[in-house]
Amino acid sequence: MVTQQAPENGQPANSSQGSSRRAHKEKPSVDEWLPINKSRNAKWWYSAFHNVTAMVGAGVLGLPYAMSELGWGPGVTVLVVSWIITLYTLWQMVELHESVPGKRLDRYHELGQQAFGEKLGLWIVVPQQLVVEVSLNIVYMVTGGQSLKKFHDVICDGRCKDIKLTFFIMMFASVQFFLSQLPDFNSISGVSLAAAVMSLSYSTIAWGASVDKGKLPDVDYDLRATTTPGKVFGFFAGLGTMAFAYSGHNVVLEIQATIPSTPENPSKKPMWKGVVVAYIIVAICYFPVSLVGYWAFGNAVDDDILITLNRPKWLIAAANMMVVIHVIGSYQVYAMPVFDMMETVLVKKLRFTPGLPLRLVARTVYVAFTMFIGITFPFFDGLLSFFGGLAFAPTTYYICIVIGVLLMVLSPIGGLRNIILKAKTYKFYQ
């Protein structure tokens with residue numbers, strides 16, 4: 001008969017082992033600390049409003065302008081076909097989330113690694129995903145600042161002192177400095193829900209006010225450029241703006257990672273239910289704004305349709321504040337995967353200690369970076385088409401490789417041209 005000896009300190013062996021196990025359980029792993037893996041208790045409606053917040057944003061306000069660069073035929077075709085293709089590619093991603101038995105592909109780059117290998121998958125996916133997410137955050141900085149300025153100008157009606165756009169971008173960024181400290185996707189669900197409601201509200205105001213204002217007496221539906229090079233580059237830029245409007249795929253896997261999954265009820269079921277609801281809302285937002293806005297103003301529409309609409313003042317002021325609230329949420333939805341990548345590298349590669357100080361410094365630096373770039377290059381329409389086209393094929397339209405690659409090459413050309421033309425007369429930080 002073998003007897004178990006007590007350890008030298010007099011404590012039973014099983015007690016010591018039990019204490020060790022409890023200590024191990026009490027200390028969360030690094031993966032549990034990271035924002036994507038931290039919580040998996042989301043419901044299907046979380047998927048709906050997170051996807052609406054990710055998809056509908058600055059892009060919807062630029063769609064009438066994109067129509068003026070494309071014209072009726074190509075514009076409507078690209079708008080509708082993009083909706084269909086991106087819905088299908090989103091369905092593919094939802095299905096692929098748990099395509100490997102016993103494993104969840106929680107991040108976009110993990111799907112790339114599964115397809116192309118551990119190292120090559122990272123090099124193919126991560127740079128392009130970062131381009132989309134960081135550029136979106138920059139554009140949202142500009143959009144938030146511009147909408148705040150428009151709200152101020154409409155309310156003051158010339159009675160207040162003019163304030164530079166730079167300061168409004170800084171005001172918008174101050175909110176992001178605070179919200180960026182929320183730890184994970186589920187913690188920003190309230191912000192995301194408010195953003196989704198606002199997106200539907202200001203989109204309705206945009207096309208409703210356009211209907212109320214009616215068609216301009218001398219409305220012109222010719223392409224807004226008058227020269228052949230201008231029309232060609234404008235066409236490319238319009239494609240990029242359309243691409244930007246459907247850029248929500250970059251956070252789909254990360255959103256699905258927050259939903260619980262069992263063999264009997266895999267996460268793809270509630271996720272897809274939320275996606276369908278989200279895409280119906282996307283159609284309700286995109287199609288009327290694009291078609292009615294272009295119908296009313298033709299090629300005289302501004303790159304932000306709310307700028308074109310000046311009456312009634314109280315309604316336009318309210319719509320601009322709704323845009324601000326929405327892009328506050330959109331910024332956080334796209335920033336969360338970036339925070340996850342940053343914190344993964346800092347903790348796993350550079351061996352920093354996970355905790356509040358690390359999160360505070362890393363996320364604050366990121367928000368400050370996007371604010372600085374937004375203040376330096378506040379060219380809304382050029383940023384939309386340039387960044388939208390640059391990351392077009394690999395992140396949203398990968399179902400159609402040839403078209404995706406062509407647009408990835410051509411669309412940024414038009415956007416870059418718009419940026420260069422505006423930069424000629426722009427004075428930095430003035």
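Below, the figures for the structure above:
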{"item": "Percent of Cα-Cα distances greater than 17 Å, calculated over segment 168-304", "result": "73 percent"}
{"item": "Cα shape, segment 88-178, gyration tensor, a/c 1.5 rule", "result": "prolate"}
{"item": "With every protein chain in place, segment 56-184: carbon and sulfur % of accessible area (1.4 Å)", "result": "71 percent"}
{"item": "Leu223 accessible area, 1.4 Å probe, all protein chains in place, Å² to nearest 10", "result": "50 Å²"}
{"item": "Under 19 Å from the Cα of Lys43 - aspartates and glutamates, other chains or at least 8 residues apart", "result": "Glu95, Glu98, Asp106, Asp184, Glu254, Glu264"}
{"item": "Centroid-to-centroid separation of segment 67-137 and segment 329-345 [C-alpha atoms, Å]", "result": "17 Å"}
{"item": "Distance (nanometres) between label positions extended 7 Å along Cα→Cβ at Asp220 and Asp162", "result": "2.6 nm"}
{"item": "Qualifying aspartates and glutamates (Cα of each under 18 Å from Cα of Lys150; at least 8 residues distant if same chain)", "result": "Asp162, Asp302, Asp303, Asp304, Asp381"}
{"item": "Segment 245-333, accessible surface, carbon-and-sulfur percent (1.4 angstrom probe)", "result": "72 percent"}
{"item": "Approximate shape of segment 266-332 as ellipsoid semi-axes (Cα gyration tensor, √5λ), whole Å, largest first", "result": "30, 17, 9"}
{"item": "Accessible solvent surface per residue of segment 278-330, calculated while the other protein chains remain in place, 1.4 angstrom probe, Å²", "result": "30 Å²"}
{"item": "Segment 45-172, relative contact order in percent, only Cα pairs under 8 angstrom and at least six apart counted", "result": "15 percent"}
{"item": "Cβ crowding within 10 Å averaged over residues, with 268-278, 123-133, 317-327 ranked highest first", "result": "317-327, 268-278, 123-133"}
{"item": "Average Cα contact separation per residue, segment 98-209, under 8 Å, 6 or more apart, as relative contact order %", "result": "15 percent"}
{"item": "Over 24 Å between alpha carbons, listed pairs Lys164/Lys231; Lys38/Lys349; Lys149/Lys215; Lys273/Lys348; Lys268/Lys349", "result": "Lys164/Lys231; Lys149/Lys215; Lys273/Lys348; Lys268/Lys349"}
{"item": "Estimated distance in nm for a label pair at Phe178 and Thr364, the labels positioned 7 Å out from Cα along Cα-to-Cβ", "result": "1.6 nm"}
{"item": "Gyration tensor (alpha-carbon) shape descriptor, segment 72-135, a/c threshold 1.5", "result": "oblate"}
{"item": "Rounded accessible area per residue of segment 31-177, 1.4 Å, Å²", "result": "41 Å²"}
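The values are calculated or read from the model by the stated rules, or taken from the named source; none is laboratory data. Quantities reported herein were computed from a predicted structural model and do not represent experimental measurements. Here the Cβ is made from the backbone with ideal geometry for all residues, glycine too, and neighbour counts use every protein chain on show. Surface areas here come from the heavy atoms of the whole protein model, side chains and all, with no ligands, DNA or RNA. Shrake-Rupley method; radii C 1.70, N 1.55, O 1.52, S 1.80 Å.
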